[in-house]
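I have placed the structure first, in the form of structure tokens, so that the comments after it can refer back to it.
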Amino acid sequence: MLTRSVVAAVVAVGLLATPALAATAPHGRGPNAQAAMIAATAGNSTHPVQVLNQLCDNPNTQRGCVPIKATMQRALERAIDVPITWVGHEQHHAGQFWVLGTVRFNGSRARTMVSWRDPGRFGCFGWTRLAWVRHHGAWSMSSGLSAEGCAAGG
């Protein structure tokens, strides 16, 4: 059986232009700000998700991962607006699987990344990376890149 992947990339700039997002801009560098940045990177889901119980330097390959501290886990649960099941590894038949990346700060800039995959034989997969810039203590998204693919059998 031949398996092919279809990949699409989307670039978004100026993602914080809406007043609703501007009202909730993360401030500082603590767990609540990092959780808000990660949640914005993860996007919206309408179904419960399973989330790896570690933050990874590279979510796509699950490299450089460290356990999520309790304060960060609570902040993420408040920031992500769907029920979360924390797992040590992907559980088949348990919903979409997310791997969250560490927030990488570099002065007044930061970046976040989240990867995901759907369970099942032809499940889709993807990732999103956002760049952030700080103005007067508040972080706003400055650019983003996302890729998504689905396996197709033949």
Does any residue of the stretch 81-95 turn out to be in contact with a helix residue (DSSP H, G or I) (Cβ under 8 Å, 6 or more places away or on another chain) and open to solvent by less than 20 Å² (accessible area, probe 1.4 Å)?
no
Just one of the numbered conditions (1) within 19 Å of R129 (Cβ to Cβ); (2) under 16 Å from the mean Cα position of the chain (by Cα); (3) charged (D, E, K, R) is not true of E77; which one?
(1)
Among T71, T41, which is touching a helix residue (DSSP H, G or I) at 6+ places or on another chain (Cβ under 6 Å), closer than 25 Å to T24 by Cβ, among the hydroxyl-bearing types (S, T, Y) and not in a strand (DSSP E or B)?
T71
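Run down R63, R111, R78 and say which single residue is of a type in the set (K, R), exposed (fewer than 14 other Cβ atoms within 10 Å of the Cβ) and under 17 Å from A40 (Cβ atoms). If you could, list the steps in order and put the result at the bottom.
Numbers: R63 fails: under 17 Å from A40 (Cβ atoms); R111 fails: exposed (fewer than 14 other Cβ atoms within 10 Å of the Cβ).
The match here is R78.
Name the single residue that is nearest to G30 (Cα to Cα) among those in the stretch 97-108 being out of contact with any Lys or Arg (no Cβ under 7 Å at 6 or more places or on another chain) and open to solvent by 30 Å² or more (accessible area, probe 1.4 Å).
So, considering only residues that are out of contact with any Lys or Arg (no Cβ under 7 Å at 6 or more places or on another chain) and open to solvent by 30 Å² or more (accessible area, probe 1.4 Å), the one nearest to G30 (Cα to Cα) is T102.
The values are calculated or read from the model by the stated rules, or taken from the named source; none is laboratory data. For clarity, every value in this text was computed on a predicted model and none was experimentally measured. Positions of Cβ are backbone-derived with ideal geometry, glycine not excepted, and every protein chain shown enters the neighbour counts. Protein only, heavy atoms only, side chains kept; ligands, DNA and RNA dropped before computing areas. Shrake-Rupley method; radii C 1.70, N 1.55, O 1.52, S 1.80 Å.
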